[in-house]
There are 4 protein chains.
Amino acid sequence: MSPQRIGTSVHDGGADADVVQDYIDRLSRWGRWGPDDQLGALNLVTAQHRVAAAGEVRSGRVISLTMAYDQAGPQQGGLRANPVLLTTATGTDVVAGRQVGTLRALGAADTRMGFADDSVFMPTQCGTQWDALAHIFRDGRMWNGYAATEHSSRGAARNGIQHWTDQMVLRGVLADVARHHQVDALEPGYPITVQDLEATLAAQKVTLGAGDALFVRTGQLGRRRGRWGDYAGGPAPGLSLYTAPWLAETEIVAVATDTWGVEVRPNEVTEFQPLHQVALVHLGLAFGEMFDLDALADDCARDGRYSFLLAATPLPITGAVGSPVAAVAVK
Amino acid sequence: MSPQRIGTSVHDGGADADVVQDYIDRLSRWGRWGPDDQLGALNLVTAQHRVAAAGEVRSGRVISLTMAYDQAGPQQGGLRANPVLLTTATGTDVVAGRQVGTLRALGAADTRMGFADDSVFMPTQCGTQWDALAHIFRDGRMWNGYAATEHSSRGAARNGIQHWTDQMVLRGVLADVARHHQVDALEPGYPITVQDLEATLAAQKVTLGAGDALFVRTGQLGRRRGRWGDYAGGPAPGLSLYTAPWLAETEIVAVATDTWGVEVRPNEVTEFQPLHQVALVHLGLAFGEMFDLDALADDCARDGRYSFLLAATPLPITGAVGSPVAAVAVK
Amino acid sequence: MSPQRIGTSVHDGGADADVVQDYIDRLSRWGRWGPDDQLGALNLVTAQHRVAAAGEVRSGRVISLTMAYDQAGPQQGGLRANPVLLTTATGTDVVAGRQVGTLRALGAADTRMGFADDSVFMPTQCGTQWDALAHIFRDGRMWNGYAATEHSSRGAARNGIQHWTDQMVLRGVLADVARHHQVDALEPGYPITVQDLEATLAAQKVTLGAGDALFVRTGQLGRRRGRWGDYAGGPAPGLSLYTAPWLAETEIVAVATDTWGVEVRPNEVTEFQPLHQVALVHLGLAFGEMFDLDALADDCARDGRYSFLLAATPLPITGAVGSPVAAVAVK
Amino acid sequence: MSPQRIGTSVHDGGADADVVQDYIDRLSRWGRWGPDDQLGALNLVTAQHRVAAAGEVRSGRVISLTMAYDQAGPQQGGLRANPVLLTTATGTDVVAGRQVGTLRALGAADTRMGFADDSVFMPTQCGTQWDALAHIFRDGRMWNGYAATEHSSRGAARNGIQHWTDQMVLRGVLADVARHHQVDALEPGYPITVQDLEATLAAQKVTLGAGDALFVRTGQLGRRRGRWGDYAGGPAPGLSLYTAPWLAETEIVAVATDTWGVEVRPNEVTEFQPLHQVALVHLGLAFGEMFDLDALADDCARDGRYSFLLAATPLPITGAVGSPVAAVAVK
């Protein structure tokens, strides 16, 4: 990669592994909020921040950032498949008179009422979702130094997604990098640099501050919508590894993209998902993936306001390493 | 039931079915927002309402209203069981060296990184959840008059929960009826009347207005926590059928309780879940069930403020008749 | 289709629907074993038949007829996906010391022992399987005239697969039509006629009798193995609709192929899966699909014996309309 | 436990752990069938054995040994719950006209046909089932010495249940210990000794030989049927640890009971499931659990024949550590 892509971060051109380890050595926040912390960077959100974030609501518009969870989603099976909705009581049953027994058993004397019911089977990371801090390990450790073995078949004994269920109401900022570059979508393999981010934010006339959640639009979701191909797991534009120091310095608490994995793929170094290793494992950032940012981007382009109140609370599934999320931007 | 329990609503003591049908005849909103409407009462929320709701955020405190989704939940199996978290990659695998092949296949030259992954199998209504407007039928019809057969094994072709994913950011109001009656919990079978609600709100010095979501605390969830017994599906305190006219007049858009089914059980009439038939099917209200209101109630008692910004967005699971929800009150 | 393809069956060339209805009018066995029958053609298997079937065991060889149930299977998602194996306790957990708590809770003082456990989520018809008599309807009726509404979200109140769990031990006969035609595989769309079947059986010097299960090898499974494409649901060789009278006359009780749906696809008439409508719904035959017949075919070619003891008992999943099956031929 | 319970096995009264380890030291079959073996004791079944087993079929009666797989089963949730049948297409949908679109998409011009479809979610060991050799570990090793880490979230890379799918057709012998002791059911905690087994077999006038599968009836399943309580996982009668040498000497290949775990619970020593550690892990025996032996026992008492052809083939679920099984005895 060329130096100009590295933005304000210092990249010495040394061995790949050294970059990752060097970032970790310099930036790691392990222990910063005590040995028992399971919140990570979200500790940086203050009550005042949340009050200010609510102040972003001026028009009352609510914009969903979440893809539909259904069989038309981007997954291809294997580790992750698309969600399966399984009905367990249907309107057709009702009309066919097949619920009368159930209702009688429930004590109903009258059976003009009927009901539908359903279950869902889904990977927690099949669609728009937050990675929990238990999702990624480096050298056998997860956020704050907990052993990887704290995650077993019983789920995550540490850093499970449930710890964030009351955290994800805060100020969100969109960086529409694709629009800034005047393209429909950045190409797979394009590493988004600090310079890209700063130039985009500056052009959008929005400031990014401590406690904010940053949404980076690459345009890839829109380009692939309904013709997913290898969208989930394949090459993608995304954040450069070399944004890590900037992610630390800005003190943002979450970063989300409209791609499957936040960071650029193929990776810039020989390690797999190196930015996850630095920014999720050692900075404690919330990584948000497959956020649908197109409607939000259009709205922001229309009114010129790129900040909003984000409500994107994950389900408190005890011990899960991710959660689907019904995220909204309120402006 | 005694007249004084009926509050301000007129109850003529006629045949049970007549009450339900009479309410429907007088109150039904079918067609009010056009023949294609799938939002129901949520149409009553204006942009101005949402701006005002954001103004409720003054301290920056976020309080979760959602129970943990796990095997310790209240379900007993059958139609609905507790959520099953199923790990598909674990930290223990990583430490045992069992992920090397996967990472190599993904192109990683270095395998200091590892990951955890999981899936969840859950009834959409196993815990804290919103009922979709496709959940309940009366006389073979759901909200707005759509045929019950619009819900089949393929899910809800009409009134699925996905239509609300960008709706549930609004003003919430807590009516802590249990605390107002100075009891830990109302008893199963206790029908909460209009008088109960109005007296509680008045004592709490909070107003309830069009577009608001009303949270009614009975105390039952707290009493049963961890010793669930028949909490899910059994006798419960809850809204009286005779609150239906009041629910219509107030123009609230959602009503949620800390019980499994919002309305009092056993029911006051021979029909099953009659308030669902009137208020969900014909008023188009969002019914919220198994909301954990104890922490919120304590906070409101402490600061004397019983209104808040509610963020309780359901997952857009296409065609589902309910959704788990990570609800929060922001004050 | 040309007359010579119809074999010994009379095909008058009339309107398509007439053929199907005419077969049904002439051949239907509804009521033959009483109004409460749920076994169908399997009533034709006598105890003596089973004793004789056991006599087919002469070499002691056991040959599996079942495909592996895993993510490498032929399904493409949608209504049916490949099986998902979900581990709930792993050897890696054991080695990481993560089972100690569980074992202590179970009363173990010593923890040298460890265990693995798992769950499976699978369509009952994702791989080698029997269709239950509740699987197919014609004109709103299933086998023996039961209303289609006897199958609801609660499963099949009639004709569920569990009724066959103690039935499927009987004499099996292989008709290796592909080998008889000296091809690796018959082409998609090829309708196997009575003439094909009788010529193959004659060349193989094997007789087919009442109570037998007939296995018809097209070669398609072998040709598509691991490169499934549209194997599940797409064009396929298979039994011609015009074999229906012969299926009735032979008094066989089951027919199974190495294709996804037994009968030829595209269908020969405008009705969908017409042979299912005649032979499954009205003759009560067990249809077996995606049986892997290649190893059996090789064995039969080697020893010249095309009959065997079949053990292919479906799981008694109450109310299911199909079941995976671990089928074996014993020779 | 008293010496007379130990039968012909020598029990020196030493430290508990010593007994288990001593048995293993004396009896382990690891390596006996080569370093790559994944069949275990089933290697002892010869082709001649299978021919002879088929000779047990004299009356043509088929008796199911498998419990229904449904919500009325014995599981209580947690690690294992009862099977969930999930319909994905129903007869009620058909009657309501909800399948027309699907059929049209499949190319049907006529829609007199309809279909039902379903999926199942179940622990592989929720009902009548075989334990795979990958199910149990001792000191971090499974059968034949493979490391426990050969079982991960990806399933069993060694000793998965699929290896037995073509093995389980062999001679079965019932030892109806409950009937021999003239009780409905042995009491929980009762350890079945070698003396019990040999006396029962002798009284039944049946011989047990190498290659046989032994079914031991305690009566507990019948006593608890429909009132399961702690049947799954609780105290149970079962094989004594001290039968281990006899299990080795007899060269039987499988042992199954009508209890949840084959061996007596509580265990006789401080180790958890010590007989599993000796006989499954080191002898390579197939352990069969929750087999319903009541109908078989009645039949055997009637005709005086306690041997039969067993067909109990597990599903080849790749890498699973158990499998539901539709087991039958053919006599």
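The string of couplings for the stretch C:210-218 from the Karplus curve (6.51, -1.76, 1.60, θ = phi - 60°) is 4, x, 7, 9, 9, 10, 10, 9, 9 Hz, one whole number per residue in order, with x for Gly and Pro. Accessible-area rank, largest first, for B:84, B:281: B:84, B:281, with all protein chains present and a 1.4 angstrom probe.
To the nearest Å, what is the center-to-center distance of the stretch B:127-171 and the stretch A:26-58, using C-alpha atoms only? The stretch B:127-171 and the stretch A:26-58 have Cα centres separated by 37 Å.
For chain D, with a Gaussian network of springs between Cα atoms less than 10 Å apart, report the residue from D:314, D:245, D:35 with the top mean-square fluctuation. Judging by the Gaussian network model, the answer is D:35. Equivalent ellipsoid of the stretch A:247-303: semi-axes from √(5λ) of the C-alpha gyration tensor, largest first, are 24, 15, 9 Å.
A point 7 Å from Cα along Cα→Cβ stands in for residue C:189, and the other copies hold the same point at 4.1, 7.2, 7.4 nm, listed in rising order. Applying the Karplus relation 6.51 cos²θ - 1.76 cosθ + 1.60 with θ = phi - 60° to the stretch C:292-306 yields 3J(HN,Hα) values of 8, 9, 5, 5, 4, 4, 4, 5, 5, 5, 5, 9, x, 10, 10 Hz, where x marks Gly and Pro.
For residue A:136, the residues whose modelled amide H falls within less than 5 Å of its own, excluding neighbours fewer than 5 places apart on the same chain, are B:116. Sites listed here are chymotrypsin sites (Phe, Trp or Tyr not before Pro) in the stretch D:159-228 whose DSSP assignment is loop and whose Cβ has at most 12 other Cβ atoms within 10 Å, and the list is empty. In angstrom, the C-alpha Rg and Dmax of chain D are 21.4, 78.
For the stretch D:251-309, relative contact order (Cα pairs under 8 Å, six or more residues apart, normalised by length) works out to 44 percent. Springs between Cα atoms under 10 Å define the GNM used for chain A, and in it the highest mean-square fluctuation of A:290, A:113, A:142 occurs at A:113. Each other copy holds its own label point for residue A:59; taking that point as 7 Å from Cα along Cα to Cβ, the gaps run 3.3, 7.7, 8.1 nm, nearest first.
Here the relative contact order of the stretch A:204-283, from alpha carbon pairs under 8 Å that lie six or more residues apart, stands at 38 percent. In terms of Cα to Cα distance under 24 Å, which lysines are near enough to residue C:331, apart from those fewer than 8 places away along the same chain? Result set, ordered by chain and number: C:205, D:331.
Spin-label model, residue B:298/residue B:18: points 7 Å from Cα along the beta carbon direction are separated by 4.9 nm.
In this label model, residue A:139 and residue C:71 are separated by 3.0 nm, measuring between points 7 Å along each Cα→Cβ vector.
Every pair of different Cα atoms in the stretch B:80-170 enters the Kirkwood calculation, which places the hydrodynamic radius at 17.1 Å.
Taken as Cα centroids, the stretch A:241-319 and the stretch B:64-126 sit 21 Å apart, rounded to the nearest whole angstrom. Looking at the stretch A:142-223, the trypsin sites (Lys or Arg not before Pro) that sit in a DSSP loop and have at most 11 other Cβ atoms within 10 Å of their own Cβ are A:205. Equivalent ellipsoid of the protein assembly as shown: semi-axes from √(5λ) of the C-alpha gyration tensor, largest first, are 52, 37, 33 Å. What size of dipole, in debye to the nearest 20, comes out for the stretch A:28-93 about its Cα centre when the only charges are +1 on Lys and Arg C-beta atoms and -1 on Asp and Glu C-beta atoms? In debye, rounded to 20, the stretch A:28-93 gives about 340. Over all distinct Cα pairs, what is the inverse of the mean 1/r for the stretch C:178-331, reported as the Kirkwood hydrodynamic radius in Å? Value: 15.9 Å, from the Cα pair sum.
Site pair residue B:187 and residue C:46 shows an inter-label distance of 7.0 nm when each label is modelled 7 Å from Cα along Cα→Cβ. Per residue, the convex hull spanned by the alpha carbons of the stretch B:98-249 comes to 235 Å³.
Diagonalising the gyration tensor over the Cα atoms of the stretch A:22-120 and scaling each eigenvalue by 5 before taking the square root yields semi-axes of 47, 22, 18 Å, largest first. Per the Debye calculation on the stretch C:110-161 with a single equal scatterer at every Cα and no solvent contribution, log₁₀ I(q)/I(0) for q = 0.14 Å⁻¹ amounts to -0.50. The share of alpha-carbon pairs in the stretch A:151-241 lying farther apart than 16 Å comes to 64%.
Normalising by residue count, the stretch D:278-331 has a Cα convex hull of 107 Å³ per residue.
Dividing the helix sum by the residues of chain C, where each DSSP H run of 4 or more adds -39500 (n - 2.57), gives a mean residue ellipticity at 222 nm of -5500 deg cm²/dmol. Counting only Cα atoms, the size of the stretch B:68-128 along its three principal axes is 47, 18, 18 Å, in decreasing order. Residues of the stretch C:53-87 with an amide N closer than 17 Å to a point placed 7 Å from the Cα of residue D:58 along the Cα-to-Cβ direction: C:53-55. Between this copy and the others, label points of residue A:226 are 3.7, 5.2, 5.5 nm apart in ascending order, each placed 7 angstrom from Cα in the Cβ direction. In the stretch C:29-185, Cα pairs under 8 Å separated by at least six residues give a relative contact order of 29 percent.
Computed from the Cβ-Cβ distance with R0 of 25 Å, the FRET efficiency linking residue C:111 to residue B:227 stands at 0.25.
The values are calculated or read from the model by the stated rules, or taken from the named source; none is laboratory data. Treat the numbers as computed from the prediction; the structure is a model and nothing was measured. In this analysis, Cβ positions are derived from the backbone assuming ideal geometry, glycine residues included, and neighbour counts consider all displayed protein chains. What goes into the accessible areas is simple: the full protein's heavy atoms, side chains included, and nothing from ligands, DNA or RNA. Shrake-Rupley method; radii C 1.70, N 1.55, O 1.52, S 1.80 Å.
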